[in-house]
Every structure is written in structure tokens, then in C-alpha cells.
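What follows draws every value from the coordinates through simple rules; no lab data is involved. These numbers were taken from a predicted model, which means no experiment stands behind them. All Cβ positions, glycine included, derive from the backbone under ideal geometry; neighbour counts span all protein chains shown.
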Amino acid sequence: MNLKSLIRTIPDYPKQGIIFRDITTLLYNGEALKYIANKFYDRYKDKNINAVAGIEARGFIFGALLAEKLNISFVPLRKKGKLPCKVISEEYDLEYGKDALEIDISSINPGDKVIVIDDLIATGGTAIAAGNLIKKLKGKVYEYCFLINLPELNGEKKLIDKGNKIFSLITFSGK
């Protein structure tokens, strides 16, 4: 299946010079969602994964699909102030400042093998923060999983340089 053809490219959004890869058009296609879920499942079905941690917001979509197929826990990694329980936080840099992710402290057990999943890897800041949260709870990130990789923004390289494994189904280079 040609997933790239289902992703809308919007130039200069949300600001001049940015090429936005809009997955909402892909989400409208149930066959594509099933294909993606099966590809991710086939990759992880024999890896004894304990949890899938999805990064807010679009990581929730693919993370929940994968967790359901693997019959394991889905752990939401939320933006600051969204979880009504005891949490730990991890700040990360944005182009225009800082933001933070939070995780429920009871969501990961020591030694759990976890997949961190999001729709897209760009600069890597959010993914690195997500992995740090898993490690703070003494879990182990088995792999970082993405629908889309934008290698020109070096997020993949940052994760690999820190000794991590990453997997993505689609790579967009340039325009």
C-alpha cells in the first residue's frame, strides 16, 4: 500500500518554510489504518513487549491500535497538566520555547519493555523526553516507532546516537 499517497502535504504551515505532513487524510482510510496496525503488529508480536507508550496526540491513535493487537497496556504520554494522578514530567525544547510531557507513575513497572510510538519523528525532542520518562520509571525502551520519519531534521540521528533503535514505515525527504 502506498501510504505516502494518502498523506496531504501542506507547504508553509503552521509557518513560512515548514512543510506539514498532514496524516488526517490517511486516517480517513480504514484500509490504511488496518495496514499500519498489521505492519506494526508483525514487527513486535514476538518481542515480549509489556506496554506501548503513545505520545499525545497522534501517537495515541497508532499506539492504541498496536497495544490492542498485542493485547498489552497502552500508556498515554500527556502534555503537562492533563493527567489527574501522580505524575513525573520531562521538559523538552521546542523551536519557540519549552514544553513538557508527563506520565502516570503507576503506568510502567520496573523492567517493563516498552515501545514509544508517535505519528512522526522530526527533531526528536518529544521522543527523547518520552524515553526519559520511561527510564525514570525503570522501564526499558525497546524501540521508538513512528509512522513518518523526516530525516533532514535529525531526530532519527539523535535517537540512534544515544544508542536507541527506531523504526518508521514512511520516510519523507525534502519537499
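You will find that of Ala67, Ala53, the residue that is crowded, with 18+ Cβ neighbours inside 10 Å, out of contact with any helix residue (DSSP H, G or I) (no Cβ under 8 Å at 6 or more places or on another chain) and not polar (S, T, N, Q) is Ala67 and no other. What are the residues in segment 68-90 that are outside any strand (DSSP E or B) and either closer than 25 Å to Leu6 by Cβ or among the small types (Gly, Ala, Ser) (or both), if any? If the condition is that a residue be outside any strand (DSSP E or B) and either closer than 25 Å to Leu6 by Cβ or among the small types (Gly, Ala, Ser) (or both), then Glu68, Lys69, Leu70, Gly81 are the ones that fit.
Looking at segment 33-52, is at least one residue part of a strand (DSSP E or B) and either of a type in the set (Gly, Ala, Ser) or over 17 Å from the mean Cα position of the chain (by Cα) (or both)? Yes, that holds for at least one residue. I'm trying to understand the selection: among the residues of segment 38-52, which are closer than 16 Å to Ile134 by Cβ and either touching a Phe, Trp or Tyr at 6+ places or on another chain (Cβ under 6 Å) or of a type in the set (A, V, I, L, M, F, W, C) (or both)? Passing the criteria: Ile49, Ala51, Val52.
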